[in-house]
Amino acid sequence: MWWTLFGLILIATAATRFYKLDQPDHICWDETHFGKFGGYYINRTFFFDVHPPLGKMLIGLFGYLDGYNATFAFEKPGDKYEDYPYMGMRAGCAIMGALLVPLSFLTVWEMTFSLSAATFAGISILLDHGMLTLNRYILLDPPLLFFISASVYATVKFHNQRDRAFSFPWWFWLSATGAMLVGSVAVKFVGVFVVFLVGFRAIADLWEILGDLSRPVSYTVKHFMARALCLIAFPVVLYMGIFYIHLQVLYLSGPGDGYFSSAFQTHLEGNFLHNASTPREVAYGSLLTLKNSVTGGGYLHSHMHLYPAGVGAKQQQVTTYSHKDGNNRWFIKKFNKPTPLWNSSDPIELVRNGDLIRLEHRPTRRNLHSHKEPAPVSRKHYQVTGYGENGTGDANDVWRLVIESGAENEPLETMRHKFKLVHYLQNCVLSTTKKTLPKWGYEQQEVTCNPNLRDGAAVWNVEDNRFPRLPNVSFSAYKLNFLQRFLEAHAVMFSGNAGLKPKDGELTSRPWMWPINLRGQFFSAGEGVKIYLLGNPIIWWSNLVFMGFYLTLFAVKSIRDRRGIISSPQQLALQERALSACGWLYIGWLLHYVPFWGMGRILYFHHYFPALLFSSMMSGVVIDYLVESIPELLPSGIRNSAYHMLVGVIVSALFYSFYLFAPLTYGMSSGPSTEPNSTMHGMRWLETWEF
Amino acid sequence: MLLFGVALATRFYALDQPNSIVFDELHYGRYAGLYQKQTFFFDSHPPLGKQLLALAGYLGGFQGDFKFDKIGSSYNASVPVFAMRSVPALTGSLLIPLVYMIMLQLNYSQWTAALAGFLFLFDNALLTQSHYMLMEPILLFFAMSGVLCVLKFRALERSGNAQAHSYSLRWWGWLLSGAIFLTCALCVKYVGVYSYLLGLALVGHDFWEKVLGNLSLSKKQVFGHACARFFAFFMVPLMVYVGVFYIHLSTLVNAGPHDSAMSSAFQASLEGGLSSIVRGQPLEVVHGSQVTLRHAHGSPCWLHSHAANYPVKYADKRGSSHQQQVTCYVAKDINNWWIIKRPNRTDLAVAAPLDRISHGEEVQLVHGITGRNLNSHNVAAPASPTKQEVSCYVDHNVSMPAQDVWRVEITNREEIGDVWHALESMVRLIHVNTSVALAFSGRLLPEWGHNQHEIVGDVMVNQPNTIFNVEEHRYTRNEDEKDRQLELMTTDFIPLEPVVMGFWEKFFELQIRMLFISNENVQNHMYTSSPWEWLVLTRGIAYWVSPESNAQIHLLGNIFVWYSATVALGVYCSLLIFYLLRQRRQCYDIHEEAWNQFRTTGEVLLVGYVFHFLPYFFVDHTLFLHHYLPALAFKLLLNAALVEHLYYLTRLVFAKQFFNWMCILIVLTWMSGILMVFNKFLPLSYGLGPMNASQILDLKLRETWDFIVHKP
């Protein structure tokens, strides 16, 4: 019986997941990103994405196995794949997505040892259009969901080995949990919530073990060490290993370079910083390129154009610019001396921390200058301009060099040092606000002098340093070791994530809309086949009902226990089984859902799917409880038939709803559902569904 | 009493100095002034604290004539500074006896209770905050009173004959006053909700333990207890909260500076302001109505057009229709006027019988100044390429026909009826040819569109951004310049029934606006700080600086107190974990009595601290040091409690009297250290002066403290 049901579910899964997998034969939704990123692993080009690399590495691998040579451009959604082999990547993702069904089945089985609970859980994942649609395309969600549900399965399996502590299966499932956790985090950072779930579970287990007075404390310590090893140490190593592969594989310069620091870029073949050389120290008279050290910061730039009338003083513009250009070059000179010549024989003077300096823009020979006029966009900051003629300016050109955590009089070094430039008279720091200037500023970014000296964006470093009288050292001297690159990659990802803020007034998906399935997401909207990501409303709404039922049951049972009311042992066993499984699943749901309420980041509908995994499994358990206990209320004669009827009704309702909404997943070809002649017309149960 | 005396002395010392606006007095003082003038204002915090300030001001003879323009400007004689500042000063002083009693209630000795009072008394941050017209002292006063009442209530619940005390006068008194005080805290600032939750948690916990777990009580009795608590902690707070807003709304009946944050109907219900504009304007929108259309939800703006076309090509190389721009403009402007007409009529003057427009009918909108029709077509909108462009139709003779008919959908016709009413009807304009809705996209147009808001045609009809309402409204009187029949028309004006909004309607609207509109715009304020920094007092806030010297007020805690409290927090948590682990192994290191006290302390103080501190990690808006003060209050109490517990442990471990004396000596040294630091930073708390630069720099113990040095 068990195997029959499991087998049937497997077959149904394979059938639904692979049916019409090659349709639509054009790029759907975010495939344009992840397909492209996967391709970069094949042609070894460095790129930047706000998510960790594992998911994209897997996509790259699937493509590679299918013989994809990463030549397709993945330009925008709707582009036809034509002859490029995209099926490998799709099939890989679909397999990972398909595994969710058996994994949920097995997880619930291990939690309750009830075949019907496991079957219902499997079916509600199997028949959900959201799960199906999301897991058929080249996206990060199939691997993410796979790793999350695998972690849960492994940890439940491990928990069931608790009577055989330190046996082989015990170790196996413990380390499998660790490995799967790494998988989820390394696909997307939201995978970290399942780590918390497993962590709570581990703490609860340890608390149990500690309470067992027949064992010495050292036994608990042993358990603790085993978990620390398999759930902390081993995953950390594995996680770093993934990044190591990521950084090793992507060694060619590519679109991601600009997000990283100068030192990081020296690693990338094809980047102009690769194998370049430059003097180590900065001396007066050097020709410098200054880069803003904030993530994605540009080069300090000026050009032969004045600020227009009405925007502060009518002096030469100073901006930041992200491209290499002759206008990024500045001479550094002492505040009271002209620029020393490169061929003079005067002793070389190094630039030191705390020095008063001027910077002279090489092409226009104007000095970097600031004065008490409001900056063009950020009106609370001061304007920064190029001022003076042939290098002669006034006292407002003087800046003090302050090296970040530098010793007094320490000489300034290329790349290695980060510094601030403090305006001597006004006591403000040279900074960039990253706000784009209007047309007159060629849409470059605003440079200001910020009176708040703690401005985090006011940090600069010397990227290029030319001075023939000092010996050049190779840039490889600045190379970062793996750990530094690992940490920098994380800093860049986090700041990238934090930067994904919705613009003012823009309509975004909010967490409260998700569980009620308020609004979906178009995967493919153009001509021809239309795909719309939307949950099966029957499953989603009943998930909510069952969750409410669980909470009520929990409250009622707690109060009854408290009041000492005794239920029949049969009833009690049934309740215990349902409640203990639901408890953990409910915590899992909370952990994967509630944190989104506090996120300021831009959110999407598909962020709900990890939580949906838990609520669907929970529904399985609750349905099982209901079909077992409702017939108990009936006279014994019709119990059996009532049971079968209930099961029949539920299962057929699920299958019918799946059939009804199936075109959402497999492609709608008729017009919008607002028109009465559309095949989807009757299915628009909520006005917010846009198909 | 001694402590209270000192508290009063410190809190009231030089209360009217500096005689100028300090920090947020700018806002709170202004609001208090607006109360005197009964002028409506909008603030995202609830009104109770401001009402108290205003009451004090009223008693002090404040007329509300002073203009609070910027921090640092001097008050003139019309502002009763002393009276207004005495509200926070008094509540701030009352804190000290309150914490004293709380500690006693938690079964700590008088010495410990006095120590807690001492910590509160000599913390510079609490002193500074209590010295000016700020909300935190009032909030803390209510929160602490509430906690005290709840603790008193618990004491009754837990006493030997709880049964006898049930429903007694004292029982009800503590329960109700606890709930009321906690709600008051909530009505001062919304963060008071955490104090309320703490009270709720404590009462709920006791109910679970003592009532539900008490099997000698019958079902009926349990139910009665549940009802009593439900009444006290849900119904009473609701009444208090609504009552506070009732006073708020019934006091503020005049229109004021923040009206535009509210809906048109709300504004129309205020004296003056919008209601003076809309007075006498006709109610029903008809063929020939001249209207301004206000975007009804979110940021206020009005449908607008002007004599400029969309650029032929946008920056991203997309093309446009090059027809006249339609935008949403945030200011009142002559270009916001539109004339509503029927598609099949050409005359515009309104004539009897009135041709009323109702739900589902089709209309055209003619822009008043340029005379062009509101139009939309299948061209991508300028800033939101996925939406459809909306323009005023210009015939460029490029076979682009006018598609300028719109269908009126009134969304609230259940309440208002099918006929389109000015102000009240919430209207969607649906483009007849393409079924898109006229919508506000939230994006700004670039320079060519004068940075006004973009208006688009949106396929997604059912969303708040598509709803508009008529704000100003008049009937077109003359067909053209020559034809003036004004006098005839005026007789046809429908007398406006004054818009009366019931209290509940106003109340709910205000609640919604307060919850969803954050009117703060101080993202890059100099003195913001993050929750982690509060633990170690990384940054203060500059409140005021004297124009003559370096004398200044800087909100900064007593660093000695703050650090020891942070350490105490760590020690308490470690001890707690230690005891729990040991007890799990059935090892009981301390007496049951001591453990019970230790545990109760955790239930009240540690949980209180966590409730008031943790949420700040998940909020998105700008945070300042003074947000930490409620959490700090619990932390200081915990610190005092821990001192007694450590003293108990010393006595437990060491038998000798000598160690006890050592312990007391250490505490005394610690206290004198606190006094010294307090004294050292006193000038910054009061803004005593004059000070020179070196004196200021002398106080700069941490690199990150940004004092202002602007004079030598």
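The values are calculated or read from the model by the stated rules, or taken from the named source; none is laboratory data. The model shown is predicted, which means the values in this text are computed figures rather than measured ones. Every residue, glycine among them, receives a Cβ derived from its backbone with ideal geometry; neighbour counts consider all protein chains shown.
The rows are residues; the columns are (1) modelled with pLDDT of 85 or more; (2) not polar (S, T, N, Q).
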{"residue": "B:GLU533", "(1), (2)": "yes, yes"}
{"residue": "B:ARG539", "(1), (2)": "no, yes"}
{"residue": "B:SER546", "(1), (2)": "no, no"}
{"residue": "B:LEU555", "(1), (2)": "yes, yes"}
{"residue": "B:TRP562", "(1), (2)": "yes, yes"}
Identify the single condition in (1) in contact with a Pro (Cβ under 9 Å, 6 or more places away or on another chain); (2) within 14 Å of chain B (Cβ to nearest Cβ); (3) modelled with pLDDT under 85; (4) part of a strand (DSSP E or B) that A:TRP440 does not satisfy, given that it satisfies every other one.
(4)
Do we find that B:LEU614 is free of Cβ contacts under 8 Å to residues at least 60 places away in the same chain, over 22 Å from B:PHE578 (Cα atoms), within 14 Å of chain A (Cβ to nearest Cβ) and assigned to a helix (DSSP H, G or I) in this structure?
yes
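Each row is one residue, and each column tells you yes or no for (1) of a type in the set (Lys, Arg); (2) within 16 Å of the chain's Cα centre (by Cα); (3) part of a helix (DSSP H, G or I).
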position	(1), (2), (3)
B:LEU8	no, no, yes
B:ARG11	yes, no, yes
B:ALA14	no, no, no
B:GLN17	no, no, no
B:ARG30	yes, yes, yes
B:LEU34	no, no, yes
B:PHE41	no, yes, no
B:SER44	no, yes, no
What residue, among those in the stretch A:289-319 that are crowded, with 21+ Cβ neighbours inside 10 Å and of a type in the set (A, V, I, L, M), is nearest to A:PRO376 (Cα to Cα)?
A:VAL318
Tell me which residues, restricted to the stretch A:450-482, are within 14 Å of chain B (Cβ to nearest Cβ) and outside any loop (DSSP other than H, G, I, E, B).
A:ASN450
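Name the residue, out of B:ASN397, B:ASN451, B:ASN412, that is in the same structural domain as B:VAL366 (by the TED database) and touching a Ser or Thr at 6+ places or on another chain (Cβ under 9 Å).
Values: B:ASN397 fails: touching a Ser or Thr at 6+ places or on another chain (Cβ under 9 Å); B:ASN451 fails: touching a Ser or Thr at 6+ places or on another chain (Cβ under 9 Å).
After applying the criteria, what remains is B:ASN412.
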So if I check each of B:LEU581, B:LEU606, which one is assigned to a helix (DSSP H, G or I), surrounded by 13 or more Cβ atoms within 10 Å (Cβ to Cβ) and within 14 Å of another protein chain (Cβ to nearest Cβ)?
B:LEU581
Exactly one condition in (1) surrounded by fewer than 23 Cβ atoms within 10 Å (Cβ to Cβ); (2) closer than 30 Å to B:GLU592 by Cβ; (3) of a type in the set (Phe, Trp, Tyr) is false for B:TYR167; which is it?
(2)
Complete set of residues in the stretch A:207-250 that are part of a helix (DSSP H, G or I), small (Gly, Ala, Ser) and either within 14 Å of another protein chain (Cβ to nearest Cβ) or surrounded by 14 or more Cβ atoms within 10 Å (Cβ to Cβ) (or both):
A:GLY211, A:SER218, A:ALA226
Considering residues that are surrounded by fewer than 21 Cβ atoms within 10 Å (Cβ to Cβ), polar (S, T, N, Q) and within 25 Å of A:HIS417 (Cβ to Cβ), the number found within the stretch A:329-384 is 3
Count - residues of the stretch B:70-79 that are free of Cβ contacts under 8 Å to residues at least 60 places away in the same chain and either under 14 Å from B:TYR132 (Cβ atoms) or part of a helix (DSSP H, G or I) (or both):
2
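Pull up the stretch B:687-709, narrow it to residues that are outside any loop (DSSP other than H, G, I, E, B) and in contact with a Phe, Trp or Tyr (Cβ under 7 Å, 6 or more places away or on another chain), then point me to the one that is farthest from the other protein chains (Cβ to nearest Cβ).
Applying the filter and picking the extreme gives B:LEU699.
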Hey, does the stretch B:113-134 have a residue that's out of contact with any helix residue (DSSP H, G or I) (no Cβ under 6 Å at 6 or more places or on another chain) and among the polar types (S, T, N, Q)?
no
Looking for something within 13 Å of chain B (Cβ to nearest Cβ), among the charged types (D, E, K, R), out of contact with any Phe, Trp or Tyr (no Cβ under 6 Å at 6 or more places or on another chain) and surrounded by 13 or more Cβ atoms within 10 Å (Cβ to Cβ) - is there at least one such residue anywhere in the stretch A:574-593?
no
Strands (runs of 3 or more DSSP E) lying entirely in the stretch B:366-452 (those with 2 or more residues that are in contact with a helix residue (DSSP H, G or I) (Cβ under 7 Å, 6 or more places away or on another chain) and crowded, with 20+ Cβ neighbours inside 10 Å):
B:437-444
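Condition test on B:ALA308, is it modelled with pLDDT of 85 or more, more than 14 Å from chain A (Cβ to nearest Cβ), more than 39 Å from the chain's Cα centre (by Cα) and surrounded by fewer than 16 Cβ atoms within 10 Å (Cβ to Cβ)?
On the way: modelled with pLDDT of 85 or more: yes; more than 14 Å from chain A (Cβ to nearest Cβ): yes; more than 39 Å from the chain's Cα centre (by Cα): yes; surrounded by fewer than 16 Cβ atoms within 10 Å (Cβ to Cβ): yes.
In short, yes.
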Taking the stretch A:363-378 on its own, how many of its residues are out of contact with any Asp or Glu (no Cβ under 8 Å at 6 or more places or on another chain) and under 16 Å from A:GLN445 (Cβ atoms)?
0
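Could you list, in sequence order, all residues of the stretch B:617-641 that are assigned to a helix (DSSP H, G or I) and of a type outside the set (A, V, I, L, M, F, W, C)?
Filtering the stretch B:617-641 down to residues assigned to a helix (DSSP H, G or I) leaves B:617-618, B:625-641.
Selection gives B:HIS626, B:HIS627, B:TYR628, B:PRO630, B:LYS635, B:ASN639.
Of the residues A:PRO102, A:PRO77, only one is more than 22 Å from A:ILE242 (Cα to Cα), assigned to a helix (DSSP H, G or I), touching a residue at least 24 places away in the same chain (Cβ under 8 Å) and assigned by TED's automatic domain parsing to the domain that holds A:GLY620; which? First the steps, then the outcome.
On the way: A:PRO77 fails: assigned to a helix (DSSP H, G or I).
Every option except A:PRO102 fails the conditions.
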Considering each residue of the stretch B:451-465, count those that are more than 12 Å from every other protein chain (Cβ to nearest Cβ) and modelled with pLDDT under 85, and give that number.
0
Within the stretch B:197-221, can you find the residues that are at the interface with chain A (Cβ under 10 Å from one of its Cβ atoms) and within 16 Å of B:ARG158 (Cα to Cα)?
B:TRP208, B:GLU209, B:VAL211, B:LEU212, B:GLY213, B:ASN214, B:LEU215, B:LEU217
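Residue-by-condition table, conditions (1) without any contact (Cβ under 8 Å) to a residue 12 or more places away in the chain; (2) within 12 Å of another protein chain (Cβ to nearest Cβ); (3) within 26 Å of B:LYS341 (Cβ to Cβ):
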position: B:VAL379; (1), (2), (3): no, no, yes
position: B:ALA383; (1), (2), (3): no, yes, no
position: B:VAL394; (1), (2), (3): no, no, yes
position: B:VAL398; (1), (2), (3): yes, no, yes
position: B:ASN412; (1), (2), (3): no, no, yes
position: B:VAL436; (1), (2), (3): no, yes, yes
Confirm whether A:HIS267 is at pLDDT 80 or above and part of a strand (DSSP E or B).
no
What residue, among those in the stretch B:661-675 that are without any contact (Cβ under 8 Å) to a residue 60 or more places away in the chain and of a type in the set (A, V, I, L, M, F, W, C), is farthest from the other protein chains (Cβ to nearest Cβ)?
B:LEU668
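Within the stretch B:687-712, how many residues turn out to be under 22 Å from B:ASP16 (Cβ atoms) and touching a Leu at 6+ places or on another chain (Cβ under 8 Å)? Give the derivation first.
Going residue by residue through the stretch B:687-712, those that are under 22 Å from B:ASP16 (Cβ atoms) are B:687-691.
Those left that are additionally touching a Leu at 6+ places or on another chain (Cβ under 8 Å): B:688.
Summing the residues that are under 22 Å from B:ASP16 (Cβ atoms) and touching a Leu at 6+ places or on another chain (Cβ under 8 Å) in the stretch B:687-712 gives 1.
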